[in-house]
Amino acid sequence: MLQRGAGLPTKSPSHTPFALTSVLSPWPKHALSRLLLLALLSLLPCSAQAAWFRVGVVGPWGCDPIFARALPSAAAQLAVTHINRDPSLSSAGAFDFAVLQEPCETSRALETFVGFHTKASGYIGPVNPGYCDAASMLSKGWNKAVFPWACVGYELDDVRSHPTFARSLPRPTWVLHNLLSYFRWAHVAIISSYEDIWVETAIKVADSLRSHGMSVRLVSFMENTPHGSQADFVQAVILCMHSVLIGGSAQKLLLETAYDMKMTDGSLVFVPYDTLLYSLPHQNVTYPALKSNSKLLRAYDAVLTVTIDSPDGSFYETYREAMERGEVPRTLKPQQVSPMFGTIYNSVLLMAHAMKGVRDSGEWISGGNLAHKARSLDFQGFSHRIKTSSSGAVQLDYLILDTDGSSLDLLPTYRIDMEIGMVRFLGRDIHFPHGYGPRRDAACWFTSGVICSGGEETIKYLSPGPLKDNMLNSLSYCLRLFDFHRRRINQIRLVRGPNKILLTLTDVTFINPSLSNKKLSLDDSRTSGGRSLSECSQNTPLSSQSPATYENSNVVIYEGDWAWLKRLPDGNFGRINPKTSDVFELSKLQDVSYCFSYFRKLLWTAPEVLRSGQAGVHGTLTADVYSFAIIMQEVVIRGPPFCMLDLSDAEIIEKVRRPPPLCRPVVSPDYAPMECIQLMKQCWTETPDKRPTFEDIFDQFKNINKGKKTNIIDSMLRMLEQYSSNLEELIRERTEELEIEKQKTEKLLTQMLPPSVAEALMVGGTVKPEYFDSVSLYFSDIVGFTTISANSEPIEVVDLLNDLYTLFDAIIGNHDVYKVETIGDAYMVSSGVPVLNDNRHAAEIANMSLDILSAVGTFKMRHMPDVPVRIRIGLHTGVKRTVGVCLGSICCPLEMIQRCVVGPCVAGVVGLTMPRYCLFGDTVTTASRMESSGMPYRIHVHESTVKVLKELNLGYKLELRGRTEVRGKGTEETFWLVGRVGFTKPLPVPPELKSGQMAHGLQMAEIAQYKKRKAEKQQQEQLAKKKN
């Protein structure tokens, strides 16, 4: 993990990057060729100013030989090369990749994925669907995007729970659903091979298809005796394993066994699953597995191969063209490479286009923004175009390929258009063995909202004649029987269960209407034994009243709530119909009129009526609107008017009558939807003319209810019920957001201090200083930084350092190093501290130094793009007294001197306010001396570091510099690190220094052109001001 913070020993004045430098003479004429070379390097397509974005390609490349045939390294390298060279993707920045090995066991795969946190900036994969949910949640916590192609679960498409998740292929089970729906095959069996990846795939596919209402049976391939009884009830068998066409031995054995058991006679269709994940070539291709095995060829007649359509050229043809151009290895023939190669390429390219969208919009580079920008894209993939919808769904066309059992050709029969979700016939029927295919299920299996528990559609296979009439009669009888059961179930639901709407006398408790203004609890009502509450008040003046029954009372208590019962006109209401509904509507209007006349009391009375002195005698329509607003407050708060104010009724009435201040109920947005609260406030406004009419109120509720016919009270209650049902979801979302913010805080702390130190400080512990025997340190600074600062605005200096250090931070995240400190233009990195790594620290520092020097060679300052930025790098390593430190400096021409020293080092936390993790010891001092005595665009390495690098025998290229005077150490033999075997990134050419010139300054000739342009710009601005 990238870490921040640490102390850095102060550099002597003679070596500080801010020290004054002498004016250097202009460049000689023979150096023009070198300037031309630098100019050409600056025109390279890779963006120097942007940090490298590393894509992690996650998959079981090391444990599954067929997955390994996808050549993930070659596919990612080809994609990255095209991205970095494509001018249209220049704003996406520079891309790099890392192949991340995913174990084939699910438990170990998840454990390994946790360790990928610092290995990449975004992820392509995982391949194992078993831990896609966990991987998405981890990437959400890391704020890094994950673009898988093999994840199955539909719940991953929830943006709120998985904001950093974006598919690079359509969801495979949605393709299968379109296929099965078109042919009406609702009963499916799934067979998987024994590998964890395919077992997890089978489980996820089964869950997804069941969510669509299909009947799915899961069958393990390892069972030696297939279940014939299960085969009798299925039409399609999905094979979760490697396709036999690309070397899948398990599928070969299964199809041969199915042929021997006469299961390939046309009653079953076998659908390979893995071909959904890539574009399988089918034109002018002969697959050896079918050509050399006649039994398998006949068995494959029962197989429908669904794969991505590549209309412009097959995968093999495109790969062959790339091989001829030298872009991919020539060691393998196209037929020996898995078509998954193209899927990996397309996924990396999709992430690059998403990155371009993020950068073009000026948004922060984060996992959530990357996933969001993977929408509305259209670009050319490896062998076909890639298109995404406005919701992020990938829209590709799939082909259904079929054979005839005798020829070797795979012929397209149908096309599945994922953009509109339709299956199109291509003019060639599917060839089923014996001339018929699996039976078709009833349409109810594929009708949303309908539960289907059987049914087989056989109309298509019946011959005309008497049988047809009998069948129609039987079908008509079944429909009538189904309708009878449906109506019976609906009637039962009206009077039973939690959602019943028809009540009987035993469901309610009647109370006396005169008690309607008393506050009675449900417990009081229940103690009456189901009788009226007046019977329980023998010692009150109400005891003399007659018991409340349905004959003399229309007020009841039902489940703790008071309700008014409306007495309808005489008639038979055993069945609710539209005519009865009209009666209810008229009754409700009468009730509303009664309420406005009955409740026109002082607390509900409008302020202008109160001031008139005729409250309860005269009223207006606008005053009724005010009263309606107070009733809305009662419903929303579920309490009396003004119940939230700690005032008496007399005080409230007086404040309402004589503003200011304005006295109104206080309703929190947590109680009701915002539309309801805004309408309520409009209704009780102080100025009557500004209040809406009841027609306006009806219209607003009609808009809220999307045009449905309803009344005010029902609309308001429905809004409240909907709002209450969403409260639990809102609380869960807020809890997740709080957890995410907590993780961000902890992540920020671990970026400022090592994780072990941060954890100790968070629990209030102390951090004791540690002694490290063998470490490596890196120092670097910018050549001529003082001159650059003198000719730049302060904000331009800040932008320069921020751009450069962002570039460095992205690079060190790919190495086992720790960022100690940045002071001005100085950059310091260590390896072997605080986490021990044996003797690999010298190699980690050396690799990091080469990557940094390569990136600096193409780095450009925003305000001085023509002025080179050169740095000096120094490294030092040793045993019992060595630490690898790196310090980077930025100067207008950025010359980096690297110096490497190894030796003993002590690390500890210093201070309580803004604590810093600092390094102390002779190793730090020696590494700093290596940097200050280095040269621009050079990596200066101490002899102790060279010894460790040679012991590692990793092919590092070193040049002897000679004996160098090291201040405080005397004369020592030092070296230049100039490369490594297998390191292909370009390194900048060090400038030639004349005799007497120092390596710490910037040639004034290099900045003269910038000063000239700046003066011309200022002159133009002054002329423009004079004209104005």
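A few remarks follow.
- Were the residues from Gln101 through Glu973 laid out at 0.36 nm apart, the gain over their Cα-Cα distance would be 309.8 nm.
- Phi angles of the stretch 917-930 translate, via the Karplus equation with coefficients 6.51, -1.76, 1.60 and θ = phi - 60°, into HN-Hα couplings of 8, 10, 10, 9, x, 5, 4, 4, 5, 5, 4, 5, 5, 5 Hz per residue; Gly and Pro are given as x.
- Inter-label distance, nm, simple model (7 Å from Cα along the C-beta direction), Asp417/Gln678: 4.0
- Annotation: peptides 295-307, 935-947, 141-153, 746-758, ranked by per-residue average of other Cβ atoms within 10 Å with the highest first, follow the order 935-947, 141-153, 295-307, 746-758.
- Straight-line reach from Lys1011: taking Cα to Cα under 14 Å and skipping same-chain neighbours fewer than 8 places apart, the aspartates and glutamates in range are Glu793, Asp866.
- Spin-label model, Glu770 to Thr735: label points 7 Å out along the Cα-to-beta-carbon direction sit 3.6 nm apart.
- Using 0.36 nm per residue and subtracting the Cα-Cα separation, the extra length available between Leu761 and Asp507 on full extension is 85.2 nm.
- Within the stretch 777-877, trypsin sites (Lys or Arg not before Pro) in DSSP loop having at most 13 other beta-carbon neighbours inside 10 Å: Arg862
- The residue among Pro660, Phe694, Thr622 whose Cα reaches farthest toward the positive pole of the charge dipole of the stretch 600-709, with charges on the beta-carbon of Lys, Arg, Asp and Glu, is Phe694.
- Virtual spin-label span in nm between Ser292 and Cys643, 7 Å along Cα→Cβ: 8.3
- For the listed peptides 844-852, 316-324, a ranking on the average number of other beta carbons within 10 Å per residue, highest first, reads 844-852, 316-324.
- Too-long pairs where the Cα-Cα distance tops 23 Å, listed order kept, from Lys655/Lys681; Lys744/Lys860; Lys140/Lys747; Lys819/Lys957; Lys140/Lys819; Lys985/Lys1014: Lys744/Lys860; Lys819/Lys957; Lys140/Lys819; Lys985/Lys1014
- Packing, taken as the mean count of other beta carbons within 10 Å per residue, orders the peptides 974-987, 277-290 from highest to lowest as 277-290, 974-987.
- Taken about its Cα centre, the stretch 600-709 carries a charge dipole of about 220 debye when Lys and Arg each add +1 at the Cβ and Asp and Glu each add -1 at the Cβ.
- Fully extended contour minus Cα-Cα distance, from Glu608 to Glu327, at 0.36 nm per residue: 92.7 nm
- Considering only Tyr300, Gly313, Val328, and ranking their Cα positions along the charge dipole of the stretch 292-353 that arises from unit charges at the beta-carbon of Lys, Arg, Asp and Glu, the one farthest toward the positive end is Tyr300.
- Cβ-defined net charge surrounding Gly153, 9 Å radius [Lys, Arg +1; Asp, Glu -1]: -2
- Net charge dipole size for the stretch 114-183 [Lys, Arg +1 and Asp, Glu -1 on Cβ; Debye, nearest 20]: 220
- Whole-percent carbon and sulfur share, accessible surface of the stretch 600-709, 1.4 Å: 54
- Environment charge at Asp404 (Cβ cut-off 14 Å; Lys +1, Arg +1, Asp -1, Glu -1): -2
- The lysine pair tally for the stretch 263-415, using Cα distances under 24 Å and a gap of 8 or more places or different chains, is 4.
The values are calculated or read from the model by the stated rules, or taken from the named source; none is laboratory data. Since we're looking at a predicted model, the values are computed, not measured. No Cβ is skipped: glycine too gets one built from the backbone with ideal geometry, and neighbour counts run over all protein chains shown. Only protein heavy atoms, including side chains, enter the accessible area calculation; ligands, DNA and RNA are left aside. Shrake-Rupley method; radii C 1.70, N 1.55, O 1.52, S 1.80 Å.
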